[in-house]
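Input: a single structure, listed below in structure tokens.
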Amino acid sequence: MIVLIIYIAAFCAALIVVHLVTSRIKVRSDFTSLKTVTFGDESAVRPNRWASILSVLTLFLLWGAFTGSDWVPVHAPGPFIGDTQFTYTLEAPDGARDQATVYARVFPAREKGAPQEVEPGTGFAKNDSIAVAAWRSDLILIDKNDEITRKDGAKVVEIDGQPVSPGSRVEVAHGSVAVTSKGSLNFVPYAGMQMEPIWLPAPEAVVARIKEISTQGYQNFTLWEHLYWSLLRVIVGFLCGAIIGIPLGYAMGLSGWFRGWFDPIVEFMRPVPPLALIPLVIIWAGIGESGKIILLFLAALWIMAISARAGVSGVAIAKVHAAYSLGASRWQVLRQVIVPNSMPEIFTGARVAMGVCWGTVVAAELVAAEKGAGMMIMVASRFQLTDIVLMGIIMIGVIGFSIDILMRKAEDWLVPWKGRT
């Protein structure tokens, strides 16, 4: 919740600052700047590059701040590291009370720490010491330390002067202490607001993993080999789906018979998640490469068919009539009117299909794959190697975003008439 509030505040602050600064130093002289009405006009909306830069920078700063990264100047409060202590009051069966002090040493996670050496004291409640890693907790077993134990009827009645009972928890210096149902004390040091590395590693840890796996490899393959095989599967599956899906969509858009025959099939399969087909594909094609390609083919097929059909339906009928009035044949109408005017819808469907294929290939590689980004993430998660998991997610996102940008550029180059009448 705190991260979300900070993110929203950063968004609002950046919007105000950038708007005020750019409105004074930059005067637009393009066609959009001459329009009197821009709200609701999609053609007038252009991505603000400053907003993109600040968006990525904000996410990076939040990531570094809440993981204690050395790459960012500010940090959220981290876990307590150092020595602290608290006292507990032990009550004997006859009502006599004695105090003992527990000295706690909290050391950084993934390091080794030793408890302090303390004098036990002279009373029946003996001083004790523990060593606990940050983000962890430790039990103080009073039965193994004090002269009078629970079997004798002794019980802890106060911690740092605060009355306690089994099941209660009190705040102490640099942490909290809970009394278990069996009467032991559980010390939990202050965790702060930073994420534990096992849940979210710092940026430098992820970058170090990228360098390591790029050269030394992981599970017998380097990072680039894992990504290559994932990308190859996606491209092959997508191309197979497009080669069949686009002609099928054109046929459904131009022929009532084709639409009546295939429309129930397409509309039935379209809402079925590709992941739901994994068991069936394994039964049909096994767990090899062919099964993964078939799954990606099915993920792209229905999207490409529907986008091609929508492209045909979106062609202005006036253009078709104009072509016929000029003596065009059906083939000429298809080639020079329908196909060009349906290309924007097809490119939109291709971008969606590629995104779905990227999401599907990771799941497909979870099943008996020897190489691939999904396989790398799955194996790393079994050993709680969160830095490798996060590295795989980032690389998949970067490649997917790069592919989408390339497809946008290809659309601008191949379909320059998009949005024009």
Taking 56 Å as R0, compute the FRET efficiency from the Cβ-Cβ separation of Q332 and S137 and round it to 0.05.
0.15
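Once you compute Rg and the Kirkwood Rh from C-alpha atoms, what is the Rg to Rh ratio for region 82-189? Intermediate results must be reported in sequence, preceding the final value.
Working: Rg = 13.3 Å, Rh = 13.9 Å.
Using only Cα positions, Rg/Rh for region 82-189 is 0.96.
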Aspartates and glutamates within cross-link reach of K126: Cα-Cα under 17 Å, excluding same-chain residues under 8 positions apart?
E91, D98, E117, D143, D146, E147, D152, E158, D160
What are the chymotrypsin sites (Phe, Trp or Tyr not before Pro) within region 62-98 that DSSP puts in a loop, where the Cβ has at most 13 other Cβ atoms within 10 Å?
W71
Can you return the aspartates and glutamates within cross-link range of K112? Criterion is Cα-Cα under 15 Å, with same-chain partners fewer than 8 residues away left out.
D83, D138
Taking a crude spin-label model, label points 7 Å out from Cα along the C-beta direction, the W199 to L239 distance in nm is 4.5 nm
Within region 82-189: Cβ-based charge dipole about Cα centre, in debye rounded to nearest 20 (Lys, Arg +1; Asp, Glu -1):
460 debye
Here are labelled values, (1) 23.7, 74; (2) 19.6, 57; (3) 32.2, 112, and one is the computed Rg and Dmax of the Cα atoms in Å for what I pasted. Which one?
(3)
Between V207 and V415, what is the spin-label point distance in nm, taking each point 7 Å from the Cα along the Cα→C-beta axis?
3.9 nm
If R0 is 22 Å, what FRET efficiency do you get for L275 and V398 from their C-beta distance, rounded to 0.05?
0.45
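Let's test the formula: R0 of 60 Å, r as the Cβ-Cβ distance of A363 and D160. What FRET efficiency results, to the nearest 0.05? Let's see the in-between values first.
Values: r = 52 Å, r/R0 = 0.86.
Taking R0 as 60 Å, the efficiency between A363 and D160 is 0.70.
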If amide H atoms are modeled at 1.01 Å from N in the peptide plane, then the residues at a separation of 5 or more from N48, or on another chain, having amide H under 5 Å from its own are none
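If you roll a 1.4 angstrom probe over the protein chains with everything in place, what fraction of the accessible area of the chain belongs to carbon and sulfur, to the nearest %? Present the calculation step by step, with values, prior to reporting the outcome.
Working: 15690 of 24350 Å².
Carbon and sulfur together cover 64 percent of it.
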Treating the beta-carbon of each Lys and Arg as +1 and of each Asp and Glu as -1, no other charges, what is the dipole magnitude of the chain about its Cα centre, to the nearest 20 debye?
2480 debye
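Using DSSP to define loop residues, name the chymotrypsin sites (Phe, Trp or Tyr not before Pro) in region 367-416 whose beta-carbon has at most 13 other beta-carbon atoms within 10 Å.
Values: sites: F383, F401, W413; in loops: F383.
Qualifying residues, ordered by number: F383.
Among the GluC sites (Glu not before Pro) within region 312-382, which fall in a DSSP loop and have no more than 14 other Cβ atoms within 10 Å of their own Cβ?
Values: sites: E345, E365, E370; in loops: E365, E370.
Qualifying residues, ordered by number: E370.
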Kyte-Doolittle mean at least 0.0 and Cα extent at least 18 Å along the axis: which DSSP H helices of the chain qualify?
2-25, 49-65, 223-254, 256-269, 289-313, 339-364, 386-414
For region 226-327, diffusion coefficient by Stokes-Einstein and Kirkwood Rh (Cα), 20 °C, 1.002 mPa s, µm²/s
142 µm²/s
Interchain or long-range residues, amide H under 5 Å from S129's placed H
Y103
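Considering only protein heavy atoms, what per residue accessible area in square angstrom results for region 205-414 with a 1.4 angstrom probe? Don't skip to the end; give the middle numbers.
Numbers: 10800 Å² over 210 residues.
Per residue, region 205-414 has an accessible area of 51 Å².
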If you add up the charges near A410, with Lys and Arg at +1 and Asp and Glu at -1, over every other residue whose beta carbon is less than 14 angstrom from its beta carbon, what do you get?
+1
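The values are calculated or read from the model by the stated rules, or taken from the named source; none is laboratory data. Values in this document were obtained by computation on a predicted structure and should not be read as measured data. Positions of Cβ are backbone-derived with ideal geometry, glycine not excepted, and every protein chain shown enters the neighbour counts. All accessible areas refer to the heavy atoms of the entire protein, side chains included, with ligands and DNA or RNA removed. Shrake-Rupley method; radii C 1.70, N 1.55, O 1.52, S 1.80 Å.
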